[in-house]
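Asks: Please find one structure pasted underneath; my questions will follow.
The values are calculated or read from the model by the stated rules, or taken from the named source; none is laboratory data. A quick note: this is a predicted structure, and the numbers were derived from the prediction, not measured. Neighbour counts are summed over all protein chains in view; Cβ atoms, including those assigned to glycine, are modelled from backbone coordinates with ideal geometry. These accessible areas exclude ligands, DNA and RNA; they are computed on the full protein's heavy atoms, side chains included. Shrake-Rupley method; radii C 1.70, N 1.55, O 1.52, S 1.80 Å.
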Amino acid sequence: MPNVKLGVNIDHVATLRQARREVDPDPVSAARVARSAGADLIVCHLRQDRRHIQDRDLLALRKVLKSGLHVEMADRPEMVKIALAVKPDWVCLVPETPDEVTTEGGLDLKGSKPSGIGKTIKKLQGAGIGVSLFVDPEAVAVRMAHNLGADAVELCTAEYARSTGRRTQGTELERLELAGYLAHELKLELHAGHALDYSNVVPVAQIAGMRCLNIGFAIISRSIFMGLKPAVAEMKRLIQQQP
Ligand code: PXP
């Protein structure tokens, strides 16, 4: 059975709460339900504009989750300070721009220096936090992540998820497989995510060496109709399917 972990991103539980600035729906309760349904990690993105997850959510999540807290954030001094205080198990560094609806692709690591993002990686690792870099499925990005000292890469699956037609989808899957192979060779832990859903997740889960898939929107969307517990359980079943 593929040993792929499921990270459930609960940002959009907080999106709904923030629509009314109420206490419900509570992301911490969502995290508890997701964990009870088989989520291995709870993922959230603390954005600079705080459009969904708030600082207090991170603290509350850290209190209830003894392990498996995975936080996405931009490489900004404010965010690094928060991460060092909260100490999630993982930080995934992502690019972030104010007008984007969601993360638009992987980090541009060309020209990155050990004195820039490399320094952030070291600081976080020094606090016992595993660091992953969100990258496009390209050899140069995976190699840079390795050179900068990351523990893991999260391959951006947006292009794969957007692709239509067997041929284009096959090409995008191949890009993910090749980048995954290189990550494995470089001893980087292999994660993937973005826009994965119930119809496209299985081939990505079956990529050799895949360790973790981070999925949010599809699971939270389905949970509106069938509840969070079955929505998480079904995704977990799919990603553990035999090839
Ligand atoms: N991984 C990363 C790095 C992301 O930024 C996001 C979106 O917050 C996800 C995974 C989850 O994407 P989706 O909500 O489309 O499943």
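Asks: Name every residue in the range 202-227 that is near the ligand (Cβ under 8 Å from one of its atoms) and open to solvent by 50 Å² or more (accessible area, probe 1.4 Å), in order of residue number.
Replies: Listed by number, the list holds a single entry, Phe217.
Asks: Out of (1) within 15 Å of the ligand (Cβ to nearest atom); (2) touching a strand residue (DSSP E or B) at 6+ places or on another chain (Cβ under 6 Å), the odd one out for Pro95 is which?
Replies: Pro95 satisfies every listed condition except (2).
Asks: Could you tell me which residue of the range 91-121 is nearest to the chain's Cα centre (by Cα), considering only residues that are over 20 Å from Leu196 (Cβ atoms), among the small types (Gly, Ala, Ser) and at pLDDT 90 or above?
Replies: Gly118
Asks: Scan the range 146-165 and tell me whether some residue there is open to solvent by 20 Å² or more (accessible area, probe 1.4 Å), of a type in the set (Gly, Ala, Ser) and at pLDDT below 95.
Replies: yes
Asks: Kindly indicate whether any position in the range 22-33 is more than 16 Å from the ligand (Cβ to nearest atom), farther than 30 Å from Val140 by Cα, out of contact with any strand residue (DSSP E or B) (no Cβ under 9 Å at 6 or more places or on another chain) and modelled with pLDDT under 95.
Replies: Checked the range 22-33: at least one residue is more than 16 Å from the ligand (Cβ to nearest atom), farther than 30 Å from Val140 by Cα, out of contact with any strand residue (DSSP E or B) (no Cβ under 9 Å at 6 or more places or on another chain) and modelled with pLDDT under 95.
Asks: Hey, another quick one. With respect to the numbered conditions (1) under 27 Å from Ile117 (Cβ atoms); (2) more than 11 Å from the ligand (Cβ to nearest atom), which one is the sole condition not fulfilled by His191?
Replies: Failing condition for His191: (2).
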